[in-house]
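A short write-up of the structure that comes next.
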Amino acid sequence: MSLPRLRLLATLPLLALAACQQPDWANRAALEIGAPRPDAAAIRQRQTARFDGVPETRLLVEATQVLQDLGFTIEESAARHGVLAGAKDRDAVETPQVVGQVALTIAFALLGARYDPIWDTDQIIRATLTTQPAGQRDSILRVSFERIVTNNKGGTRVEQLTEAEFSTGFFDRVRTGLARQA
C-alpha cells in the first residue's frame with residue numbers, strides 16, 4: 001500500500017472522532033440560520049410609523065404615490081389587505097470599486113498570477129409596504145427596502161437596507177403629501 005493511501009486511511013478515523021465532539025451541531029446551525037437578527041425589533045420599529053387621523057385607504061394611496069414619485073414601479077398590490085410592493089432598477093457601478101479591481105488585476109499580473117476582477121453592475125431596489133388600521137381613523141405604515149445587486153460575472157447578492165434614513169425619508173414624504181391634501 002502506498003504512503004499517501006496509508007495517510008488517508010489513518011486520517012479517516014481522526015475525522016470521525018472529531019465529528020463526535022459536537023453531535024448537535026446541525027441542530028444548532030439550523031437554529032442560528034433561522035433565527036431573527038439580534039436587532040430585528042429595533043429595525044421593525046424604525047420601519048414603522050403611526051399616522052393619526054389618516055384612514056388606511058388614504059395612507060395606502062399616498063404611500064403608492066410616494067413610491068411612484070421615487071421612481072418605483074408597482075409590481076404587486078393587494079389594497080384590500082394593505083400590501084404593496086414596488087421595484088426600481090439602478091446602475092450599481094462605483095468608480096472606486098472598478099479602479100480597485102483593475103489595480104488588483106495589474107498587481108497580480110506583475111506577480112505572474114491571474115486575477116479575475118469583479119465589480120457591481122446593476123441593482124434592483126425593492127420596497128415592500130404594509131398598512132393596518134389602528135382604531136377608527138388612525139393607521140400604521142411599515143416600509144422595508146432591499147437591494148439585489150448583480151456583478152459583472154452574473155452573481156447576485158441581496159442586502160437589506162435597514163438604515164434609518166430610508167424609512168424616515170419615506171415617512172417624511174408621505175406626511176408631506178398628506179399635509180398637501182388636507
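Some points to look at:
- Boolean, G82 is at pLDDT below 95, closer than 21 Å to R50 by Cα and in contact with a Ser or Thr (Cβ under 6 Å, 6 or more places away or on another chain): yes
- Of the residues A134, A109, A87, A78, the single one that is assigned by TED's automatic domain parsing to the domain that holds V54, surrounded by 12 or more Cβ atoms within 10 Å (Cβ to Cβ) and more than 18 Å from R46 (Cα to Cα) is A87.
- Residue count, the stretch 56-75 (criterion: touching a Lys or Arg at 6+ places or on another chain (Cβ under 8 Å) and either hydroxyl-bearing (S, T, Y) or assigned to a helix (DSSP H, G or I) (or both)): 3
- Odd one out for A164 among (1) among the aliphatic types (A, V, I, L, M); (2) within 30 Å of D52 (Cα to Cα); (3) crowded, with 17+ Cβ neighbours inside 10 Å: (3)
- Any chance R5 is outside any helix (DSSP H, G or I), at pLDDT 70 or above and not hydroxyl-bearing (S, T, Y): no
The values are calculated or read from the model by the stated rules, or taken from the named source; none is laboratory data. Source: prediction; values computed, not measured. Glycine also receives a Cβ, built like all others from the backbone with ideal geometry; neighbour counts cover every protein chain displayed.
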